[in-house]
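A short reminder: the numbers here are calculations on the coordinates, not readings from a lab. Just so it is clear, the structure is predicted and the values come from calculations on it, not from any experiment. For neighbour counting, all protein chains shown are included, and Cβ atoms are generated from backbone atoms with ideal geometry for every residue, glycine included.
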Amino acid sequence: MCEIKMYRELELNIKSLRKLLIETGVKKGLNHQETLEYSEKLDKLILKKSLINNY
């Protein structure tokens with residue numbers, strides 16, 4: 001049961017970070033350092049989710 005909760009939390013984190021990434025990209029530009037940092041964090045979360053799904 002704990003694993004399901006952690007997976008759902010991961011999905012929520014991905015969703016909220018994706019929204020933040022888009023907002024920052026629109027406001028500050030796609031090459032802004034903050035946008036790039038959010039993009040990198042999002043990539044890591046998506047990779048983590050993918051690894052869980054393939055396990």
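Can you give the charge dipole size of the chain about its Cα centre, rounded to the nearest 20 debye, using +1 on the beta carbon of Lys and Arg and -1 on the beta carbon of Asp and Glu? The partial results should precede the final answer.
On the way: 11 positive and 8 negative charges, 28 e Å.
Dipole about the Cα centre, nearest 20: 140 debye.
Rounded to the nearest 0.05, what FRET efficiency is calculated for N31 and E11 with R0 set to 35 Å and r the Cβ-Cβ distance?
On the way: r = 28 Å, r/R0 = 0.80.
Efficiency, rounded to the nearest 0.05: 0.80.
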CD proxy, 222 nm, the chain: helix-only mean residue ellipticity via -39,500 (n - 2.57) per DSSP H run with n ≥ 4, per residue, nearest 500, stands at -31500 deg cm²/dmol
Partner lysines whose C-alpha sits under 25 Å from that of K49, ignoring same-chain residues fewer than 8 away, are K5, K15, K19, K41
